[in-house]
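*Asks:* Quick one: structure below, then a few questions.
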């Protein structure tokens, strides 16, 4: 329901969602989701709802074309549409079969009957249903013949629901404000829609307003594609009538960049689609926010720590440990190569020093199952490090045991291993890793 509440805040006519626990209990939101899936504008990717490629084409189309696509998709009569209708538990979601006729022909007849009415003419719902039934007696056959009375009530409830919900949400009908809402009027745009003559002027293209505090005020006439980008890069604040307000912050920009939005695309949007453009000082502020993303690094490291700075200094300067020290964090902690943790632990054991078992240590020096040359071992060690580094940013199909890297490292001399550890793989932010050309001097063939 969290996304339903977020979407509801953006609607011109918000729903009352108090006490609701599922999208299937909502009205307009559920119907809007049904329309999006019916029109092929959304699809499920890795268990999550995402815009389909067709959605981006739809967003760039004129308003009349977008509206027409939704309207035509809603009236499609096929098995997929029936499945969708039932999945969203829309009223009239009847399983079609020999004993349960399809209700879509009745829907089309309702629309045809309404199109014969004059705009703004009062329509009494009860009289409309009686007229409809006299023209289509099979309207009462929405249930098996032995449940005739239930079928009559089901048909009445179905037409009443169509009037009060979908047809009113489309703007075809307007309901009498006083209960019991039995009086409806056909709107002028609704009559044009039913006649196929609706002509919506494409008023989109109005620029949004960008304030010095990076508050963005956008009207309904902003391009839909622009609105999508604003949703992606700025925090939504509120909707006031036909106006939407957002605020661009360092956090919202960082989230958008992490999800794949290019900084230049964001700057271009703010400069070209805002009323007064993007001043140089504001551009510099946004660029500084983008740079902040690279000043903080999340990394998996192996530490060698001691409460005694002097003892740690003696260990770090030992000839068999020094090659694996990458950097010093404090007098009491240094970073060592992750793949050399076992070798460092073995060296400390030979020196008579006991290390607290914070990391797994091999019981004995690993030996390869076969014979590898130094070049092959260096190449496989490098490949393992790259694979292990990728695991910090993406989910890998299979974790790489550190023991495999120890096997490769055991085949290298100290100088070669130190070079591979210190210059073989270096992070360049969340985007990946870079293989340093210095490895070529070791005779390691690089792709």
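The values are calculated or read from the model by the stated rules, or taken from the named source; none is laboratory data. Computed from a predicted structure; not experimentally measured. Neighbour counts run over all protein chains shown; Cβ positions are idealised from the backbone, glycine included.
*Asks:* Here are some conditions: (1) under 22 Å from residue 1 (Cα atoms); (2) out of contact with any strand residue (DSSP E or B) (no Cβ under 8 Å at 6 or more places or on another chain); (3) not in a helix (DSSP H, G or I). Residue 43 meets all but one. Which one does it not meet?
*Replies:* Of everything listed in (1) under 22 Å from residue 1 (Cα atoms); (2) out of contact with any strand residue (DSSP E or B) (no Cβ under 8 Å at 6 or more places or on another chain); (3) not in a helix (DSSP H, G or I), residue 43 misses just condition (2).
*Asks:* Being part of a loop (DSSP other than H, G, I, E, B), touching a helix residue (DSSP H, G or I) at 6+ places or on another chain (Cβ under 6 Å) and at pLDDT 75 or above is the filter; apply it to segment 71-97 and report the residue that is surrounded by the most Cβ atoms within 10 Å (Cβ to Cβ).
*Replies:* Here the answer is 88.
*Asks:* How many residues does segment 206-219 hold that are surrounded by fewer than 17 Cβ atoms within 10 Å (Cβ to Cβ) and either touching a residue at least 40 places away in the same chain (Cβ under 8 Å) or touching a helix residue (DSSP H, G or I) at 6+ places or on another chain (Cβ under 6 Å) (or both)?
*Replies:* 2
*Asks:* In contact (Cβ under 8 Å) with a residue 40 or more places away in the chain and in a helix (DSSP H, G or I): does that describe residue 222?
*Replies:* Details: in contact (Cβ under 8 Å) with a residue 40 or more places away in the chain: yes; in a helix (DSSP H, G or I): no.
No.
*Asks:* Can you tell me which residue among 41, 20 is closer than 15 Å to residue 70 by Cβ and surrounded by 14 or more Cβ atoms within 10 Å (Cβ to Cβ)? Full working, then the answer.
*Replies:* Details: 20 fails: closer than 15 Å to residue 70 by Cβ.
After ruling out the rest, the residue left standing is 41.
*Asks:* If a residue has to be within 27 Å of residue 9 (Cα to Cα) and touching a strand residue (DSSP E or B) at 6+ places or on another chain (Cβ under 8 Å) to count, how many in segment 252-288 make the cut?
*Replies:* 5
*Asks:* State all residues of segment 281-312 that are exposed (fewer than 15 other Cβ atoms within 10 Å of the Cβ) and farther than 30 Å from residue 252 by Cα; if no residue qualifies, say none.
*Replies:* 303, 305, 307, 308, 309, 310, 311
*Asks:* Take residue 108 and decide whether it is outside any helix (DSSP H, G or I), in the same structural domain as residue 28 (by TED's automatic domain parsing) and modelled with pLDDT under 85. Spell out the reasoning first.
*Replies:* Values: outside any helix (DSSP H, G or I): no; in the same structural domain as residue 28 (by TED's automatic domain parsing): yes; modelled with pLDDT under 85: yes.
It is false that residue 108 is outside any helix (DSSP H, G or I), in the same structural domain as residue 28 (by TED's automatic domain parsing) and modelled with pLDDT under 85.
*Asks:* Still on this structure, please answer the following. What is the one condition in (1) in contact with a helix residue (DSSP H, G or I) (Cβ under 7 Å, 6 or more places away or on another chain); (2) not in a loop (DSSP other than H, G, I, E, B) that residue 320 does not satisfy?
*Replies:* Only one criterion is unmet by residue 320, namely (2).
*Asks:* If you check residue 184 against the conditions, is it modelled with pLDDT of 80 or more, in a strand (DSSP E or B) and at negative phi?
*Replies:* Working: modelled with pLDDT of 80 or more: yes; in a strand (DSSP E or B): yes; at negative phi: yes.
Considered against the rule, which asks whether it is modelled with pLDDT of 80 or more, in a strand (DSSP E or B) and at negative phi, residue 184 comes out as yes.
*Asks:* Further question: For residue 381, indicate whether it is over 30 Å from residue 249 (Cα atoms), modelled with pLDDT of 85 or more and surrounded by 14 or more Cβ atoms within 10 Å (Cβ to Cβ).
*Replies:* No, not satisfied.
*Asks:* Select from segment 132-176 the residues that are at pLDDT 65 or above, touching a helix residue (DSSP H, G or I) at 6+ places or on another chain (Cβ under 9 Å) and in a loop (DSSP other than H, G, I, E, B) and list them in ascending order.
*Replies:* Within segment 132-176, 136, 165, 170, 171, 172 meet the criteria.
*Asks:* Here is a follow-up. Condition first: in contact with a helix residue (DSSP H, G or I) (Cβ under 7 Å, 6 or more places away or on another chain), at pLDDT 85 or above and closer than 20 Å to residue 193 by Cα. Can you find one or more residues in segment 122-131 that meet it?
*Replies:* No, there is no match, as no residue in segment 122-131 is in contact with a helix residue (DSSP H, G or I) (Cβ under 7 Å, 6 or more places away or on another chain), at pLDDT 85 or above and closer than 20 Å to residue 193 by Cα.
*Asks:* Separate question: Quick check: is even one residue across segment 261-278 in contact with a helix residue (DSSP H, G or I) (Cβ under 7 Å, 6 or more places away or on another chain) and assigned to a strand (DSSP E or B)?
*Replies:* Here is the first cut: in segment 261-278, the residues in contact with a helix residue (DSSP H, G or I) (Cβ under 7 Å, 6 or more places away or on another chain) are 261, 263, 266-267, 269, 273, 277-278.
Cutting the leftovers down to assigned to a strand (DSSP E or B) gives us none.
Looking for residues that are in contact with a helix residue (DSSP H, G or I) (Cβ under 7 Å, 6 or more places away or on another chain) and assigned to a strand (DSSP E or B), one finds none in segment 261-278, hence no.
*Asks:* Can you find even one residue in segment 286-303 that is at pLDDT 85 or above and within 17 Å of residue 211 (Cβ to Cβ)?
*Replies:* yes
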